[in-house]
Amino acid sequence: MARIAILSYIKRDSLVHELTGRTKLLFFIAWSVAAMVTYDTRVLTCMLLISIVIFKISKVRVRDISFVLGLAAIFLIMNNLFVYLFSPEYGVGLYESRTVLVTIAGPYTITAQQLFYHLNMTMKVICVVPVALLFIACTDPSEFAASLASIGVSYRIGYAVSLALRYIPDVQREYHNISQAQQARGIDLSGKDKLFTRMKNSVAILLPLVLSSLNRIETVSNAMELRGFGRNKKRTWYTLRKMQKNDWIVVAFVVAILIIDMVVTFWDGSRYFNPFV
């Protein structure tokens with residue numbers, strides 16, 4: 001059984017990894033705001049190209065985050081499907097024109113305006129999700145917590161996020177070990193058995209996994225309590241680094257993107273670029 005990495009830190013020798021956690025957090029926040037605000041296809045296309053370049057620079061391979069990308073793709077498809085099912089004419093009202101391409105049945109028709117709206121909605125997700133995954137994959141959990149504290153987030157919250165990110169690889173490793181042990185005892189988890197049988201056999205993995213997780217949580221919480229965690233209002237961070245030249249360049253770059261995004265998006269008083277006028 002191949003082990004799949006899910007939302008874990010991937011160490012690489014790249015420019016993205018060298019940036020401080022604070023820089024990457026600010027970049028992600030500004031980038032997400034820019035992508036979520038606009039429905040201008042021209043802006044989204046430019047952001048998509050930039051995200052591809054960033055992905056290339058990070059040296060993180062697609063297969064390293066393929067599982068989460070697959071889940072995101074499933075949710076994206078479901079989101080588009082439900083939007084169409086509940087509002088098949090939303091794009092028509094939005095762009096104030098109607099060009100019917102295919103008539104299905106009743107109110108369900110495929111129009112160019114609706115397809116264009118779904119294209120923009122899909123591009124927004126594609127612009128944000130890979131950058132979010134890169135932010136997690138390229139940032140050490142401790143530095144991530146330090147970056148949250150540097151922008152005013154409580155260090156308790158930052159430390160909880162850090163523990164969660166550190167715990168994910170441990171859970172994956174524990175799941176893999178328990179699965180191998182149960183298969184050695186003759187419990188088949190492959191696709192050869194029926195679905196109900198596989199679900200019943202999976203309990204043999206999930207139950208020990210939950211119990212070991214609870215035991216690990218108790219151990220960590222006791223250790224934190226013995227060390228007086230949470231006694232003071234503030235704390236210092238060993239992994240907190242000062243902003244360097246490249247960090248300021250990246251921050252200036254993303255701020256420029258956000259400003260351009262706002263100007264182009266609201267230039268004509270609307271968030272939506274309308275090519276049907």
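Looking at the stretch 67-133, what % of the alpha carbon pairs are farther apart than 15 Å? Write down the numbers at each step before the final one.
Details: 1226 of 2211 pairs.
Here the long-distance tail beyond 15 Å is 55 percent of all Cα pairs in the stretch 67-133.
Could you give the angle, 0 to 90 degrees to the nearest 10, between helix 195-226's Cα long axis and the longest principal axis of the Cα atoms of the chain?
Tilt of helix 195-226: around 70 degrees.
What order, most packed first, do the peptides 243-252, 257-266, 101-110 have when packing is the mean number of other Cβ atoms within 10 Å of each residue? Present the calculation step by step, with values, prior to reporting the outcome.
Numbers: 243-252: 13.8, 257-266: 15.5, 101-110: 10.1.
The most tightly packed comes first, giving 257-266, 243-252, 101-110.
Accessible area of Leu119, 1.4 Å probe, to the nearest 10 Å²?
For Leu119, solvent-accessible area is about 80 Å².
Can you report the principal axis dimensions of the stretch 35-111 using only the alpha carbons, biggest first, rounded to whole angstrom?
Sorted largest first, the three principal extents are 49, 27, 21 Å.
May I ask you to rank Phe28, Phe253 by accessible area, largest first, using a 1.4 Å probe over the protein chains only?
Numbers: Phe28 55, Phe253 95 Å².
Of Phe28, Phe253, the descending order of accessible area is Phe253, Phe28.
Once the whole set of protein chains is in place, how much accessible area is left on Ser32, using a 1.4 Å probe, in Å² to the nearest 10?
Only protein atoms counted, so the area is about 20 Å².
More than 18 angstrom separation, counting every C-alpha pair in the stretch 46-191; what % is that?
Values: 7650 of 10585 pairs.
That tail contains 72 percent of the Cα-Cα pairs.
Which order do the peptides 18-26, 232-240 take when ranked by the mean count of other beta-carbon atoms within 10 Å per residue, highest first?
Top of the packing list down: 18-26, 232-240.
Heavy-atom accessible area per residue, the stretch 60-110, 1.4 Å probe: how many Å²? Before the final figure, lay out the partial values.
On the way: 3370 Å² over 51 residues.
So the stretch 60-110 comes to 66 Å² accessible per residue, rounded to a whole number.
Using the alpha-carbon centroid of each, what span in Å lies between the stretch 202-222 and the stretch 111-173?
Centre-to-centre (Cα) distance: 25 Å.
If one takes the longest principal axis of the Cα atoms in the chain, at what angle in degrees, from 0 to 90 and to the nearest 10, does the Cα axis of helix 245-265 lie?
Tilt of helix 245-265: around 30 degrees.
Would you mind telling me the share, in percent, of accessible area of the chain contributed by carbon and sulfur at probe 1.4 angstrom? If you can, show how the numbers build up before the last one.
Numbers: 11200 of 16730 Å².
Here it works out to 67 percent.
Dividing the convex hull volume of the Cα atoms of the chain by its residue count, what figure in Å³ per residue is obtained? All intermediate terms of the calculation are to be shown ahead of the outcome.
On the way: hull volume 50.7 nm³, N = 277.
Per-residue hull volume (Cα only) is 183 Å³.
For the stretch 127-171, with every protein chain kept in place, what is the accessible area per residue (1.4 Å probe, Å²)?
Values: 1580 Å² over 45 residues.
That works out to 35 Å² for each residue.
Considering only Cα-Cα distances, which of the following residue pairs are longer than 18 Å: Lys24/Lys59; Lys11/Lys124; Lys56/Lys242; Lys24/Lys56; Lys59/Lys245; Lys24/Lys234? Could the numbers behind the result be given before it?
Details: Lys24/Lys59 16 Å; Lys11/Lys124 27 Å; Lys56/Lys242 25 Å; Lys24/Lys56 16 Å; Lys59/Lys245 21 Å; Lys24/Lys234 22 Å.
Violating the 18 Å Cα-Cα cut-off are Lys11/Lys124; Lys56/Lys242; Lys59/Lys245; Lys24/Lys234.
I need the Debye-formula profile for the stretch 87-170: one equal scatterer per C-alpha, no solvent, reported as log10 I(q)/I(0) at q = 0.11, 0.23, 0.26 1/Å, two decimals.
For the stretch 87-170 at q = 0.11, 0.23, 0.26 Å⁻¹, log10 I(q)/I(0) is -0.56, -1.06, -1.17.
If we count every other residue with Cβ under 15 angstrom of Leu94's Cβ, Lys/Arg +1 and Asp/Glu -1, where does the sum land? Write down the numbers at each step before the final one.
Details: positive: Arg98, Lys124, Arg271; negative: Asp40, Glu89, Glu96, Asp268.
It works out to a net charge of -1.
At 20 °C and a viscosity of 1.002 mPa s, what translational diffusion coefficient does Stokes-Einstein give for the stretch 115-224, taking Rh as the Kirkwood radius over Cα pairs? Give it in µm²/s as a whole number. Write down the numbers at each step before the final one.
Numbers: Rh = 17.4 Å.
For the chosen part, D equals 123 µm²/s.
Can you tell me the orientation of helix 41-58 relative to the chain, as the angle in degrees between its alpha-carbon axis and the longest Cα principal axis, to the nearest 10?
Helix 41-58 and the main axis of the chain meet at about 30 degrees.
The values are calculated or read from the model by the stated rules, or taken from the named source; none is laboratory data. Keep in mind that what you see is a predicted model, and the values were worked out from it rather than measured. Glycine also receives a Cβ, built like all others from the backbone with ideal geometry; neighbour counts cover every protein chain displayed. Ligands, DNA and RNA are stripped out before the accessible areas are found, and what is left, the full protein with its side chains, is counted by its heavy atoms. Shrake-Rupley method; radii C 1.70, N 1.55, O 1.52, S 1.80 Å.
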